[in-house]
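Working notes for the structure below.
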Amino acid sequence: MDLTSWLSDLTVVWFIVSGVTFIALLYVNAPYGRHIREGWGPSIPNTVAWMVMELPMVVLFGLWFVLGTHTDTITAWVFLGLWQAHYLHRVFIYPFTLQDSSKQMPLLIASLGFVTNIVCSTCNGYYLFEASGGYSARWLADPRFVLGAALFVAGYLINRQSDHLLRNLRTPGETGYRIPHGWLFRWVSCPNYLGEIIEWAGWAVATWSLPGLAFATWTAANLVPRARAHHAWYQAQFPDYPPERKALVPGLW
């Protein structure tokens, strides 16, 4: 079996994994962040965990760009730029913005994230820069790319701004939680997750690819239950939590 066929099968399997993960996370909150708890084995510092866990997304996706035979168009560079805009921030900036550097993440969770990101970066990178046969410059004017890129940028900005507001809820040295207000927090508990889901849905449309759709599905499978858990946590921790606020989708859920 050649690599293209193998990765195509892996992409299909990833849809199944996403479905199983979604169901599992409805019943078991991933034990990190505010949901950290004992019983999940040894832990490592949050900063280290995030950097190591997300590093394959930068390195492997970039490696497939270097090794690919269809990277001589501006479209390939645009895809590389969009992907790396998210993950360079996630690896080299986001971990150092975490207010409480003493928090830990179970090594098991970081390891699962590391393996997951190897799969996602490989499926997307290999497809875009090799198996797809390449995207011509004309693709940048295709309505699918225009819509997808617009969604990606909108989701990216929503995610970054929401993270910024969450980070600035605390004063230096403070480790507790507060109710976020303003921006999209007026309507939902987790606009940062909403932004990331929109971002990768946009990626799926912009690339018009099965690996892109698999990654968007995987993102939603992880973040929709996480938003549900965060929303329930806020309601349990704060009696005055805004009753009209939804978990993820304004006015709906």
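Each Lys and Arg adds +1 at its Cβ and each Asp and Glu adds -1 at its Cβ; summed about the Cα centre, the range 3-237 shows a dipole of about 660 debye. Cα-based radius of gyration for the range 29-138, normalised by 2.2 N^0.38 Å, reads 1.26.
At a 10 Å Cβ-Cβ cut-off, how would you order 120, 190, fewest neighbours first?
So the residues, fewest neighbours to most, are 120, 190.
Each 10 Å bin from 0 upward holds the following percent of the Cα-Cα pairs of the range 5-51: 20, 33, 34, 13, 0.
Legend: helices of the chain (whole DSSP H runs) are marked when their alpha-carbon atoms reach 18 angstrom or more along the helix axis and their mean Kyte-Doolittle hydropathy is at least 0.5; marked are 3-27, 46-67, 74-92, 107-126. A straight chain from residue 146 to residue 10 at 0.36 nm per residue would run longer than the Cα-Cα distance by 46.2 nm.
Would you mind giving the average projected area, over all directions, of the Cα convex hull of the range 26-92 in nm² with one decimal? Provide the component values of the computation, followed by the final result.
Working: hull surface 26.6 nm².
Approximately 6.6 nm², given one-decimal rounding.
Every read-out reported here was derived from the displayed coordinates using simple, explicitly stated rules and does not represent laboratory data. Predicted model, so just to flag it, every value in this text is computed and none were measured. Every residue, glycine as well, gets a Cβ built from its backbone with ideal geometry; the counts of neighbours run over all protein chains shown.
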